[in-house]
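The values are calculated or read from the model by the stated rules, or taken from the named source; none is laboratory data. These numbers come from a predicted model, not from an experiment. Glycine also receives a Cβ, built like all others from the backbone with ideal geometry; neighbour counts cover every protein chain displayed.
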Amino acid sequence: MGLKIIEKTKGVWIHTSYSALLYLLLVVILGGLISSYLLTVVVCQLVYGISFFSSSQLVFDSSNVEMMNAMKTMQLFNAIGTFVIPPILFLHLRGLSFVNYLKLNKPLSGITIVKVFVLALAMIPLANFLGFLNESVPLPEFLNFLKLVEEQSLVLTEQFLKMDSIWDLGIMILIMGVVAAVGEEFLFRGILQNLFQDWSKSKHLAIWLTALLFSLIHMQYHAVLPRFFLGAFIGYVYVYSGSLRSSIYLHFFYNTSLVVLSYLIQHKLLASASLESIGSSSISVIIAVTVLFSLSYKWFNRASI
């Protein structure tokens, strides 16, 4: 019965306009978010004895181990429900091949993977530099409501990144490295960027528009600039490498590097005051930009995808 329903729904949106597809994509994403949230509420109640309908103040209690485990579980489930499942369902309803449409069928050589890893490391000092510039831009008054959201988000992120053991490190790599990277690349570069490009016939407009949405969706004003430019860079890597695997690896290596560096700093294994201070000097930024340009030149110099 289930297989028949799946087969009957394949391609029902094949003749849908691009404007309608954007609306329907939003509906699918919201459906995935709500469903994953409700599932998490049940799981956390059964496993941790935590009810997210009781007291929101407990969320920021770092001493409550069960609450933090429940929050990590929610983060994992919500990422899957919001970023991983919706793209798969969306392409199914459009009657498109998930692997072919997202350009996942092109394998990467070992040299390319190493190249992408170096690019990810070079992105860190550049992101810190852009973050420094972003902090100098005052928050407009009409966006003051974002202050509380951003503060809560930063507190929660700091608590997530408190890793006392290798096990904690592995969990955060799974959440922020694997699931976040794969899911966000599926949705933003794989679905939205391709949709915008098919609609506008301009890969550049599609890349920058997707990067803008990518930066805004995180609801952190003082990180908009680095996410915007690095999101665009990842978009160009996807387009000119001709494989979503490249952008997934790049995103994964970048996020995972940040998690590992945080762990090393916390355990005094790296001489750095904070994650934001890594590569913050002008010479580090110049070297990072040089590395990004030189390693990606061959891709960006291609005439077509």
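Mind checking whether some residue in segment 9-17 is β-branched (Val, Ile, Thr) and surrounded by 13 or more Cβ atoms within 10 Å (Cβ to Cβ)?
Yes: segment 9-17 contains one or more residues that are β-branched (Val, Ile, Thr) and surrounded by 13 or more Cβ atoms within 10 Å (Cβ to Cβ).
Answer with yes or no whether Gly242 is closer than 30 Å to Thr16 by Cα, without any contact (Cβ under 8 Å) to a residue 60 or more places away in the chain and of a type in the set (Gly, Ala, Ser).
no
Considering only segment 87-105, state which residues are hydroxyl-bearing (Ser, Thr, Tyr) and either under 11 Å from Phe186 (Cα atoms) or in a helix (DSSP H, G or I) (or both).
Tyr101
So which residues in segment 16-55 are modelled with pLDDT under 90, not in a helix (DSSP H, G or I) and not hydrophobic (A, V, I, L, M, F, W, C)?
Residues satisfying the conditions are Tyr48, Gly49, Ser51, Ser54, Ser55.
Kindly indicate whether any position in segment 156-172 is surrounded by fewer than 16 Cβ atoms within 10 Å (Cβ to Cβ), at pLDDT below 90, closer than 22 Å to His218 by Cα and touching a helix residue (DSSP H, G or I) at 6+ places or on another chain (Cβ under 8 Å).
yes
Before we move on, is Phe228 surrounded by fewer than 20 Cβ atoms within 10 Å (Cβ to Cβ), modelled with pLDDT of 90 or more, among the hydrophobic types (A, V, I, L, M, F, W, C) and under 21 Å from Leu126 (Cα atoms)?
Here the answer is yes, as Phe228 does meet what is asked.
Where in segment 155-206 are there helices (runs of 4 or more DSSP H), lying wholly inside it, with at least 1 residues that are over 21 Å from Tyr23 (Cβ atoms) and not assigned by TED's automatic domain parsing to the domain that holds Val28?
Of the helices (runs of 4 or more DSSP H) lying wholly inside segment 155-206, those with at least 1 residues that are over 21 Å from Tyr23 (Cβ atoms) and not assigned by TED's automatic domain parsing to the domain that holds Val28 span 166-172, 180-184.
Does Leu58 satisfy the condition of being surrounded by 12 or more Cβ atoms within 10 Å (Cβ to Cβ), in a helix (DSSP H, G or I) and modelled with pLDDT of 95 or more?
Here the answer is no, as Leu58 does not meet what is asked.
Any residue at all in segment 99-119 that is at pLDDT 85 or above, of a type in the set (Phe, Trp, Tyr), surrounded by 18 or more Cβ atoms within 10 Å (Cβ to Cβ) and within 21 Å of the chain's Cα centre (by Cα)?
no
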